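Below is one structure, written out as structure tokens; the observations come after it.
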Amino acid sequence: SPGGVGAPIIIEEGKADLCMGNSAPAKWACTDGILGHPPVTNVAAVVGGLDAPFINVMFTQAFVDKTGFTTLEEVIENKYPIRIAIKSTGSFGELACSSVLAALGVDYDTIESWGGTVTQTGSDAIVTLLKDGKADMTIDHIAAGQSATTELCMTTDMFFPQLSDEVIEKLLEEGWDENVMPAGTWRGQDKDIKTVGSGQVLLCSKDLPDEIVYAMTKAICEGKDVLASAHSAMSVFDPAVAWQESKCGAPLHPGAEQYFREMGYMK
């Protein structure tokens, strides 16, 4: 798999019949196109909501102490020259950052016009920049326990701003799914943070026969316990909602839809 962003392209180009992706990029790929490609027409969903990652926004505590800003909205309102460290273009973490900024009405060029910086690099370098005081904040799309963020929070005091309800609503309209980052997910995070995310979805070619996709859907949904025992992140998987647009992004394959309707999950 090329990762959550490129999965629909791999299927559309006929390089795979099945590919793991993420729901929001799958929606964007189907509606507007993604990564410079036109909208895909041969991509469908089997099951979604296989895990529950989230958009994670973090300031360094040093930045909060210096500026008094405790929300990203305050930073934008004051046109503060903030230094952002994020993953490289094409990664899901970078897409998460650009989505959050767009919901706030700004982009990277806007930040830089205020004298701020946007550094795109790898996870290890992001940790180093924040630890060394050379960056003020980061935005990523991750799951609990992600190693780079765990290391960062263990070695650097971090602050976890809450996005406003208005921003979250805009992100939901763009295809993200509601989520909560529970208190204690990271060291220093002492309260629940409302956020959004884009869970894993199994995508397939529309050309796959209905009976094959039906059998896969049935096996995955009725084998939830086996999946969860192999991969703890899948313990959140709920077959009753695995068909929903917010979980899948792409339209359901008819074979998958048949299973969900037979089980009474879809009315």
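Quick one: in the range 96-119, which of the residues that are in contact with a strand residue (DSSP E or B) (Cβ under 6 Å, 6 or more places away or on another chain) and under 20 Å from A24 (Cβ atoms) is most open to solvent (accessible area, probe 1.4 Å)?
Y108
Answer yes or no: is there a residue in the range 145-165 that is open to solvent by 10 Å² or more (accessible area, probe 1.4 Å) and touching a Cys at 6+ places or on another chain (Cβ under 7 Å).
Taking every residue of the range 145-165 in turn, none turns out to be open to solvent by 10 Å² or more (accessible area, probe 1.4 Å) and touching a Cys at 6+ places or on another chain (Cβ under 7 Å).
Is there a residue being of a type in the set (A, V, I, L, M, F, W, C), under 24 Å from G105 (Cα atoms), surrounded by 22 or more Cβ atoms within 10 Å (Cβ to Cβ) and touching a helix residue (DSSP H, G or I) at 6+ places or on another chain (Cβ under 7 Å) anywhere in the range 54-66?
Scanning the range 54-66 turns up at least one residue that is of a type in the set (A, V, I, L, M, F, W, C), under 24 Å from G105 (Cα atoms), surrounded by 22 or more Cβ atoms within 10 Å (Cβ to Cβ) and touching a helix residue (DSSP H, G or I) at 6+ places or on another chain (Cβ under 7 Å).
Just to be sure I understand the filter: pairs with C-beta atoms under 8 Å, separated by 6 or more residues or on different chains, first member in the range 210-229 and modelled with pLDDT of 95 or more, second member open to solvent by 70 Å² or more (accessible area, probe 1.4 Å). Which pairs pass?
Close Cβ pairs (under 8 Å, with a partner that is open to solvent by 70 Å² or more (accessible area, probe 1.4 Å)) amount to D210/P254; D210/Q258; V213/P254; Y214/Q258; C221/M263.
Only residues that are crowded, with 16+ Cβ neighbours inside 10 Å and more than 24 Å from the chain's Cα centre (by Cα): list them for the range 67-87, please.
Once the filter is applied, which keeps residues that are crowded, with 16+ Cβ neighbours inside 10 Å and more than 24 Å from the chain's Cα centre (by Cα), the range 67-87 yields F69, Y80.
Out of curiosity, is A62 within 19 Å of the chain's Cα centre (by Cα) and touching a residue at least 12 places away in the same chain (Cβ under 8 Å)?
So A62 does not fit the description; no.
Of all residues in the range 20-48, count the ones that are at pLDDT below 95, in a strand (DSSP E or B) and buried (at least 24 other Cβ atoms within 10 Å of the Cβ).
Summing the residues that are at pLDDT below 95, in a strand (DSSP E or B) and buried (at least 24 other Cβ atoms within 10 Å of the Cβ) in the range 20-48 gives 2.
Please work out if G90 is open to solvent by 40 Å² or more (accessible area, probe 1.4 Å), over 23 Å from V180 (Cα atoms) and either among the β-branched types (V, I, T) or part of a loop (DSSP other than H, G, I, E, B) (or both).
It is false that G90 is open to solvent by 40 Å² or more (accessible area, probe 1.4 Å), over 23 Å from V180 (Cα atoms) and either among the β-branched types (V, I, T) or part of a loop (DSSP other than H, G, I, E, B) (or both).
The values are calculated or read from the model by the stated rules, or taken from the named source; none is laboratory data. Computed from a predicted model, the values in this text were never measured in an experiment. Please note: Cβ atoms are built from the backbone with ideal geometry, for glycine as well, and neighbour counts cover all protein chains shown. Accessible surface areas use protein heavy atoms only, side chains included; no ligands, DNA or RNA. Shrake-Rupley method; radii C 1.70, N 1.55, O 1.52, S 1.80 Å.
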